[in-house]
Protein chains: 4
Amino acid sequence: MTTRTRERDKREALLRAARDVLVEEGYHHAKIDEIAQRAGVAKGTYYLYFKDKRAIFAELVDGLVARIESAIVRVDERADLGAQVRHNIRATIAVLAEDPPLARIVLGPTSGLDAAFTDTVTRMHVGVVSLLSRTLRDGQSLGVVAEGDTDLLAMFAVGALKEAVLRSEELGPARREQLVTELARFLEKGFLRLR
Amino acid sequence: MTTRTRERDKREALLRAARDVLVEEGYHHAKIDEIAQRAGVAKGTYYLYFKDKRAIFAELVDGLVARIESAIVRVDERADLGAQVRHNIRATIAVLAEDPPLARIVLGPTSGLDAAFTDTVTRMHVGVVSLLSRTLRDGQSLGVVAEGDTDLLAMFAVGALKEAVLRSEELGPARREQLVTELARFLEKGFLRLR
Amino acid sequence: MTTRTRERDKREALLRAARDVLVEEGYHHAKIDEIAQRAGVAKGTYYLYFKDKRAIFAELVDGLVARIESAIVRVDERADLGAQVRHNIRATIAVLAEDPPLARIVLGPTSGLDAAFTDTVTRMHVGVVSLLSRTLRDGQSLGVVAEGDTDLLAMFAVGALKEAVLRSEELGPARREQLVTELARFLEKGFLRLR
Amino acid sequence: MTTRTRERDKREALLRAARDVLVEEGYHHAKIDEIAQRAGVAKGTYYLYFKDKRAIFAELVDGLVARIESAIVRVDERADLGAQVRHNIRATIAVLAEDPPLARIVLGPTSGLDAAFTDTVTRMHVGVVSLLSRTLRDGQSLGVVAEGDTDLLAMFAVGALKEAVLRSEELGPARREQLVTELARFLEKGFLRLR
DNA sequence: CATGAATGAGGGTTCATTCAT
DNA sequence: GATGAATGAACCCTCATTCAT
């Protein structure tokens, strides 16, 4: 069991190290050697836990995507729509705020990353946008969402959110707290006719 | 004159090829050899026109940034603010729409690119956002912009614009035309109190 | 321990190979690939032991210079000057004779070598010549050295020594033994009996 | 005739440029491009006058060697030997002093230069040394040269001369004039008066 | 003859991956 | 499991040489 724990530890140490290196150097400048060193293991050990260079970063990205997806509530149109949207904004930001540097990678367009990440990230994007779009369409028939192309509206909303998160580090921590409030207000006044 | 034309041609063929390769493979996977091949010249020829690998990509990025900057009108607060904002949205989108794949690189966060690009791109970002923020602040004192943190509002607006451009290829060309209209409307209803 | 021995071995095999290649091809024609091959390792292995191409040659040159310097006794003017000079000639030749081809590189003017070597070699030269010059000046005040410009005399002596070493391979081994004796005699007496 | 003169001019301009570049950069760092530029012609023009990179440097070296050889008088043992030796020293130094940097290349051991030069330079060396050695042997039978291995003695003499020339730039011009006198005296007398 | 744009072989260096211990 | 020495494919860049104009 100690052994099993130790194994766990090494795997996680590697993941943590990989995240740091990814954030500091970017995928291509990240060296297996440095990840291993920061994790306190030998280079060869890396390959006991991960198939190749791509694998560890894929796992980091997949993990974040999964955490976002599980934080978002499937919108129930019979309940308070505004509350649900606000909750999803808040929840998404909360997950991303746990690790802003990593968030930046997942939120950004995929240029410069390998095809493997591109796919994962793109899938998440499409998923989030189409979910939101559908929600907005439902909202329109209920009369609580303004007229307009819901795909585009969803896009705008996601873009505003992404930018906010991407730049949130540049803001002082004080302003960061306003972010959720302001964003919700912005989205509401833009296309929501809540009450 | 023929000679001069040939030179021009090769330089431009290389730039075009580099753009394609950059878009398809990302900066790090882009091989000089492939750029040269696609441009129909030998590898050595590349170095007659560009100092090193970075140079050609820097030129692509700088060029787009310059085109965007020169397309944006400095906002005159005594004139019709809404019209000016709409014009800037339209103009920016127009420039970016000339080359969406390249746009994606300039608009995205800079992960995966070399420090050289990061700087250029970041400078543009900061410039655009702070320009917009200042404009909004002026708008607030004139009473045509809603209350709120103008830095955040500027961020949201830029984010929405970026996302729109980034995803504009996924939209059919028909819907792409709606983009400007919808975005303008979205921004107006969100924080502009025009009329 | 076996491991440590292997490491040592490879490093030394590389140094030996580099010496051979340097002697046979000169610095610029020397290829890392060939050094590695002759040492029986892969090209990449070279870079485990030496930072870059220059490093291995610098080490060879530095090593020889150091061996020469530690073989030379600082001249004590109160003791037998002739004996000391003879000893220094003998000791220098002995060190250089351990590896005549390498000696040729250190003794020669520095054309064709990189600035890095030039410096080391020049420093040694200047050091040896000025040491000898000072000794001769002391010798003059003691009356055991002839009148004359001691800088020039030191130069002549070093030149004769260098040439002797450089050409010593062309001599049969038998004659090589005479070298020290003859050189000492030459320096003492000259060889022309004019008038 | 004008044309012929112009051709001559270009060839000579290239040779002059090549000498400068060779002296400043060494053979391997010398670029055809720079030679052509300094000569005020296009790169392609170089190849109208010289077969390849090696050719122009070979010509420079051959020229200097030829000038040295024609300046040396074949020693006539029936005439004043001392005078002839002094003349040869003087003449050799005079030729070399016309172009000390180039001299350095010809006098130095051949490491770092291409095989082509090595051969020329070595041939000259062997020629000079064996000529001198024969002269000394003759001198011995006439009783004007001391006992000893004449090959070695010739070597020492040439070495002293070479070193003197190689370092002559470091000396002030005043001291450079002493060089011939001192060297002749050195060869006659040696400089140690031990016992 | 003169030009200089074009070529492409060649070599130094990096780093993901393997494998014997 | 753990190690880290060894490997070699990959890629940027230089520069001697050619040749169409």
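None of the figures in this text is laboratory data; all of them are computed from the coordinates on show. Quick caveat, the model's predicted, so the values are computed rather than measured. Cβ placement follows ideal geometry from the backbone for every residue including glycine, while neighbour counts extend to all protein chains displayed.
Using a simple spin-label model with points 7 Å from Cα along the Cα→Cβ vector, what separation in nm is obtained for A:VAL73 and C:ARG90?
9.9
Give the long-range amide H neighbours of A:TYR27: residues separated by 5 or more places, or on another chain, with amide H under 5 Å away, using H modelled in the peptide plane at 1.01 Å from N.
It is B:GLY112, by chain and number.
How tilted is helix A:173-191 with respect to the longest principal axis of chain A? Cα atoms for both, answer in degrees (0 to 90, nearest 10).
For A:173-191 against chain A, the angle is about 40 degrees.
Which distances, shortest first and in nm, link D:ARG123 to the matching position in the other copies, using label points set 7 Å out along Cα to C-beta?
4.0, 6.0, 7.5
Please identify the trypsin sites (Lys or Arg not before Pro) of region C:20-87 that satisfy two criteria: DSSP loop assignment and at most 14 other Cβ atoms within 10 Å. Which are they?
C:LYS31, C:LYS51, C:ARG74, C:ARG78
A 21 angstrom limit on the alpha carbon distance is what I want to check against. Which of A:LYS51/C:LYS51; B:LYS53/D:LYS53; A:LYS10/A:LYS53; B:LYS10/B:LYS31 exceed it?
Correct reply: A:LYS51/C:LYS51; B:LYS53/D:LYS53.
Rounded to the nearest 0.05, what FRET efficiency do B:THR122 and D:GLU59 give with R0 = 60 Å and r taken as the Cβ-Cβ distance? Could you check?
Given R0 = 60 Å and the Cβ-Cβ separation, E is 0.60.
Roughly speaking, what is the centre-to-centre gap between region B:5-46 and region C:2-73 when only Cα atoms are used, to the nearest Å?
So the separation of the two Cα centres works out to 40 Å.
Roughly speaking, what is the stretch gain from A:TYR47 to A:ASP138, that is 0.36 nm per residue apart minus the C-alpha to C-alpha distance, in nm to one decimal?
27.9 nm
Where does chain A land at 222 nm, in deg cm²/dmol rounded to the nearest 500, when only DSSP H runs of n ≥ 4 count, each adding -39500 (n - 2.57), divided by all residues?
Calculated mean residue ellipticity at 222 nm is -25000 deg cm²/dmol.
Using the Cα centre of region D:1-50 as the reference point, and only Cβ charges (+1 on K/R, -1 on D/E), how large is the resulting charge dipole? Debye, rounded to the nearest 20.
With Lys and Arg at +1 and Asp and Glu at -1, about 280 debye.
Can you give me the long-range amide H partners of C:VAL145? Hydrogens built in the peptide plane at 1.01 Å from N, cutoff under 5 Å, separation of 5 or more residues or another chain.
C:GLN140, D:ARG193
If you take every residue apart from C:SER133 with its C-beta less than 11 Å away from the C-beta of C:SER133, what net charge results, scoring Lys and Arg +1 and Asp and Glu -1?
Summing Lys and Arg as +1 and Asp and Glu as -1 gives -1.
Quick check: the angle from helix B:81-97's long axis to the longest principal axis of chain B, C-alpha only, nearest 10 degrees?
The angle comes out near 20 degrees.
What FRET efficiency, computed as 1/(1 + (r/R0)^6) with R0 = 22 Å and r the Cβ-Cβ distance, is obtained for C:GLU170 and C:HIS29, rounded to the nearest 0.05?
0.45
With θ set to phi - 60°, apply the Karplus curve 6.51 cos²θ - 1.76 cosθ + 1.60 along region A:29-35 and write out the HN-Hα couplings as whole Hz, x wherever there is a Gly or Pro.
Values, residue by residue: 8, 5, 10, 3, 3, 6, 4 Hz.
Below 19 Å, Cα to Cα, which lysines can B:LYS189 reach? Residues fewer than 8 away in the same chain don't count.
Answer for B:LYS189, where 19 Å is the Cα cut-off: A:LYS189, B:LYS162, listed by chain and number.
Which of C:ILE72, C:ALA55, C:VAL41 sits farthest toward the positive end of the charge dipole of region C:4-73, with +1 on the Cβ of Lys and Arg and -1 on the Cβ of Asp and Glu?
So the residue we want is C:VAL41.
With +1 on each Lys and Arg Cβ and -1 on each Asp and Glu Cβ, and nothing else charged, work out how big the dipole of chain B is about its Cα centre, in Debye to the nearest 20.
400
Enter the angle in degrees (range 0 to 90, nearest 10) between the Cα long axis of helix A:2-25 and the first principal axis of the Cα atoms of chain A, meaning the one along which they spread out most.
That works out to roughly 60 degrees.
Sorted from shortest, what are the nm distances separating the label point of A:GLU25 from equivalent points in the other copies, each placed 7 Å from Cα along Cα to C-beta?
Copy-to-copy label distances for A:GLU25: 2.2, 3.1, 3.6 nm.
Counting only GluC sites (Glu not before Pro) that are in a DSSP loop and have at most 16 other C-beta atoms within 10 Å, tell me the longest site-free stretch of chain A.
A:1-76
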